[in-house]
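**Q** Pasting in a structure now, in structure tokens, and then I'll have a few things to ask.
The values are calculated or read from the model by the stated rules, or taken from the named source; none is laboratory data. Everything quoted here is computed from the prediction, not taken from an experiment. Using ideal geometry, Cβ is built from the backbone for each residue, glycine included, and neighbour counts are taken over all protein chains shown.
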Amino acid sequence: MDKAQLKQKIQDALNGMSENERIEIYNDGCEYFNCTDNMIFPMCEFDELEGNRPFLEIYVDIATDDFNVYDDYYYQDVYGWYHSFDNIEDTEFDNVFDDLIDSAINEEYDFKNPKIAEVYEEAENEE
């Protein structure tokens with residue numbers, strides 16, 4: 001199986017996962033490949049992760065127009081602006097995820113996920 005086929009199989013496996021599983025894999029890849037500035041966090045942990053500052057204080061400080069407390073996830077961009085979303089595929093992270101998958105293939109990294117580990121095992125058995 002060549003690299004393109006392996007990448008497609010990994011993407012197929014990701015497409016069959018829940019949004020939470022994909023976010024977990026994405027964040028694991030960010031940590032493993034040292035790009036933690038791109039990490040995504042669950043909105044339900046916003047207060048805990050942001051130092052227990054009152055939400056309104058943070059919101060006034062950032063004044064962004066694409067942050068909604070009713071979204072499922074949030075992140076902070078390189079300028080310190082907060083953004084939120086519900087689906088990782090509708091964000092700029094799709095490109096980062098693609099790069100993480102390429103790096104993972106080069107290093108045979110399975111994101112600590114059994115479904116992706118299974119894809120690597122299947123590819124190894126085909127050879």
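**Q** In this structure, is Ala4 at pLDDT 85 or above and either surrounded by 16 or more Cβ atoms within 10 Å (Cβ to Cβ) or in a strand (DSSP E or B) (or both)?
**A** Against the criterion (at pLDDT 85 or above and either surrounded by 16 or more Cβ atoms within 10 Å (Cβ to Cβ) or in a strand (DSSP E or B) (or both)), Ala4 does not qualify.
**Q** Another one. Return the only residue of Ile88, Ile23 being modelled with pLDDT of 85 or more, hydrophobic (A, V, I, L, M, F, W, C) and within 18 Å of Asn113 (Cβ to Cβ).
**A** Result of the check over Ile88, Ile23: Ile23.
**Q** Let me ask you something else. Would you confirm whether or not the stretch 30-48 contains a residue that is among the aromatic types (Phe, Trp, Tyr) and out of contact with any strand residue (DSSP E or B) (no Cβ under 7 Å at 6 or more places or on another chain)?
**A** Yes, the stretch 30-48 contains a residue that is among the aromatic types (Phe, Trp, Tyr) and out of contact with any strand residue (DSSP E or B) (no Cβ under 7 Å at 6 or more places or on another chain).
**Q** Tell me, which residue of the stretch 73-127 that is closer than 30 Å to Glu50 by Cα and over 17 Å from the mean Cα position of the chain (by Cα) is surrounded by the fewest Cβ atoms within 10 Å (Cβ to Cβ)?
**A** Across the stretch 73-127, the extreme among qualifying residues is Tyr79.
**Q** Here is a follow-up. Is there a residue being in a loop (DSSP other than H, G, I, E, B), of a type in the set (D, E, K, R), in contact with a helix residue (DSSP H, G or I) (Cβ under 8 Å, 6 or more places away or on another chain) and touching a residue at least 24 places away in the same chain (Cβ under 8 Å) anywhere in the stretch 85-93?
**A** Yes, the stretch 85-93 contains at least one residue that is in a loop (DSSP other than H, G, I, E, B), of a type in the set (D, E, K, R), in contact with a helix residue (DSSP H, G or I) (Cβ under 8 Å, 6 or more places away or on another chain) and touching a residue at least 24 places away in the same chain (Cβ under 8 Å).
**Q** Does the stretch 66-82 hold any residues that are in contact (Cβ under 8 Å) with a residue 40 or more places away in the chain and hydroxyl-bearing (Ser, Thr, Tyr), and which are they?
**A** Correct list: Tyr73 only.
**Q** Collect the residues in the stretch 98-127 that are in a helix (DSSP H, G or I) and of a type in the set (A, V, I, L, M, F, W, C), keeping them in residue-number order.
**A** Leu100, Ile101, Ala104, Ile105, Ile116, Ala117, Val119, Ala123
**Q** When residues of the stretch 17-27 are filtered for being farther than 13 Å from Val96 by Cβ and either buried (at least 19 other Cβ atoms within 10 Å of the Cβ) or more than 8 Å from the chain's Cα centre (by Cα) (or both), how many remain?
**A** The total comes to 5.
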